[in-house]
Amino acid sequence: MGFNPLDHAVFTYQPIWGDGRRLIGARLQARLLDDGVDAPHLLHAMADWWSAGSPFLLVAFADQRPVLQALSASPPDHVWLEVPDFGPRMPPELLQALTQARRLGHRLVQNLPLARAHPVTGSAAERFRYLLHLWPDHVRQALSAQRPADSPVLPGQLYGAIGQVALAAHCLDVRQAWGVVGWPDDDALASRPASALGVDKGALLRVQQALLREASIETVIGLVHSDVLLTYRLLQLVNGDAFGTGREVSSVRQAVLLLGERRFRDALLRLLPGAVSDPDLQPVRQALVLRAQLMQMLMDAGAQHELATEIYLTGLFSTLDRWLRVPLAQALERVPLSEAITEALLAGEGPYGVYLDLARRLADPAQSQHLPARMQEEGFALSHVNTALLRTLARWRSSV
């Protein structure tokens, strides 16, 4: 068997949110565990999963050696390579590698504080961008700007470590940033009253339209599952007295089959008055879908619908307490879920607990050092986890 570089690296990811709050890319931090790993070989192994319809991939190596290796080799398709901040004076070997990378046609993103960045204009932006970090003075200046020109935020770039929804919105909507790496989930949820954390109206309307088109049951289920609260409220509603199904309904598939199309539409109509349209909550909703899909990919349940649905719901419902503003145990009591789901959500245990733990860690760059030991402890091969993550990101299609 040949040397598989995916067995010798650990990945973590951050979604990149762009115009319309769509997931447009992913920043993948890669830490090599073996000096024998060839960085260009690894990049091409990663890019093999990508297609023209995938979000773009920004690869950030954790160490200098693989960066220099990658810059000196031919670039893979669909990949941007992050150049770390080496300080105000660039080392000669990096300057030489960057010159070579430009000749080879690499697409580069340099990680810098905004204070050291220069505007990128014209055709240069097709191959070179920044991932910028704002200092407190820049944040204050941006949020108080009366005109776009008064803002220090440079258009067309990526921005990281954005802790406020207002600042993320300023970057994307006022200054036409390329994207925001990560999303201020905490601020997005905490800054809204409970009444504003409702079913996503766009998702609800897409389900209704799918029913009118007589779409397949798989399409309908997928659209319902695109929003945590639509899924939760629908299960809560069809298990209530109003629908009297005579049995517990623990999945959207059961709801569709038991109710039939007309009564299922009635259930959706009952949810419409409380539905909300809030673009700044879309990244929070979509990140949960991404987590749920990643857990499915990690489990690789195949054609086992019930198993695949349960692991998906475990990921989708993993932050229900923050959406509903009640303890998670109380929220889970309101819908009939399997013991395996509740065990994973409340105690991190049972057959799904490890998948939820891994999915959370994979979305946290700070966990890079701890992931290999955790995978070994649970019997997961690095190549399996890395492949699951790459497949999940590459196959993402936004429904927003």
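The values are calculated or read from the model by the stated rules, or taken from the named source; none is laboratory data. The model shown is predicted, which means the values in this text are computed figures rather than measured ones. Using ideal geometry, Cβ is built from the backbone for each residue, glycine included, and neighbour counts are taken over all protein chains shown. The accessibility values were calculated without ligands, DNA or RNA, using every heavy atom of the protein model including side chains. Shrake-Rupley method; radii C 1.70, N 1.55, O 1.52, S 1.80 Å.
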Discussion item. Place a point 7 Å from the Cα of residue 374 along the Cα-to-Cβ direction; which residues of the stretch 275-301 have their backbone N under 17 Å from it?
Written reply: 288, 290-299
Worksheet, complete the sentence: So, with points 7 Å from each Cα along the Cβ direction, the residue 330-residue 126 label distance in nm works out to 5.7
Item to complete: Indicate the gyration tensor shape class of the stretch 329-400 (rounded, prolate or oblate), computed on the Cα atoms with a ≥ b ≥ c the square roots of the eigenvalues: a/c under 1.5 is rounded; otherwise a/b larger than b/c is prolate and the rest oblate.
Response: oblate
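Over all pairs of distinct alpha carbons, what does the Kirkwood formula give as the hydrodynamic radius of the stretch 7-89, in Å? The partial results should precede the final answer.
On the way: mean 1/r = 0.0742 Å⁻¹.
Taking every pair of different Cα atoms in the stretch 7-89, averaging 1/r and inverting gives 13.5 Å.
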Item to complete: Find me the longest stretch of the chain that has none of the exposed GluC sites (Glu not before Pro), where exposed means in a DSSP loop (not H, G, I, E or B) with at most 16 other Cβ atoms within 10 Å.
Response: 1-213
Worksheet item: Dipole magnitude of the stretch 87-245 about its Cα centre, charges +1 at Lys/Arg Cβ and -1 at Asp/Glu Cβ only, in debye to the nearest 20?
Response: 740
Worksheet item: Per 10 Å bin, what is the whole-percent P(r) computed from every C-alpha pair distance within the stretch 114-245?
Response: 10, 28, 23, 20, 14, 4, 0
Discussion item. Below 8 Å, C-alpha to C-alpha, sequence gap of six or more: please give me the relative contact order for the chain in percent.
Written reply: 18
Fill in: Selection from 155, 275, 338, by position along the positive dipole direction of the chain (Cβ)
155
Worksheet, complete the sentence: Long-range amide H partners of residue 109, meaning residues 5 or more apart or on another chain whose placed amide H is closer than 5 Å, are 81, 82, 83, 129
Discussion item. Tell me the carbon and sulfur percent of the accessible area for the chain, rounded to whole percent, probe radius 1.4 Å.
Written reply: 49
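Over all distinct Cα pairs, what is the inverse of the mean 1/r for the stretch 58-193, reported as the Kirkwood hydrodynamic radius in Å? If you can, show how the numbers build up before the last one.
Values: mean 1/r = 0.0623 Å⁻¹.
Answer for the stretch 58-193: a Kirkwood hydrodynamic radius of 16.1 Å.
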Discussion item. Per q in 0.13, 0.14, 0.20, 0.26 Å⁻¹, report the Debye log10 I(q)/I(0) for the stretch 324-367, using one uniform scatterer on each alpha carbon and no solvent.
Written reply: -0.33, -0.38, -0.69, -0.90
Worksheet item: Just how much of residue 154 is accessible, in Å², when a 1.4 Å probe is used and the result is rounded to the nearest 10?
Response: 30
Worksheet, complete the sentence: The farthest towards the positive end of the charge dipole of the chain, of the residues 327, 189, 381, given +1 on Cβ of Lys and Arg and -1 on Cβ of Asp and Glu, is 189
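Translational diffusion coefficient, Stokes-Einstein: compute it for the chain using the Kirkwood radius over C-alpha pairs as Rh, at 4 °C and 1.567 mPa s, and state it as an integer in µm² s⁻¹. Please list the in-between numbers first.
Values: Rh = 22.6 Å.
Result for D is 57 µm²/s.
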Worksheet item: Of all DSSP beta bridges located in the chain, what percent are antiparallel, nearest 5?
Response: 30
Fill in: Spatial separation of Cα centroids for the stretch 272-330 and the stretch 69-134, in angstrom
36
Discussion item. Using the Cα centre of the stretch 1-75 as the reference point, and only Cβ charges (+1 on K/R, -1 on D/E), how large is the resulting charge dipole? Debye, rounded to the nearest 20.
Written reply: 380
Worksheet entry | Separation in nanometres of the label points that stand 7 Å from Cα toward Cβ, at residue 219 and residue 99 | 5.6
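For the stretch 243-361, what is the accessible area per residue in Å², given a 1.4 Å probe and the full set of protein chains?
43
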Fill in: Dipole of the chain, positive direction: furthest Cα of 125, 111, 98, with charges on the beta-carbon
125
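About the Cα centre, and with charges only on the beta carbon of Lys, Arg (+1) and Asp, Glu (-1), how big is the dipole of the chain? Nearest 20 debye, please.
Using Cβ point charges on Lys, Arg, Asp and Glu, the chain gives about 1220 debye.
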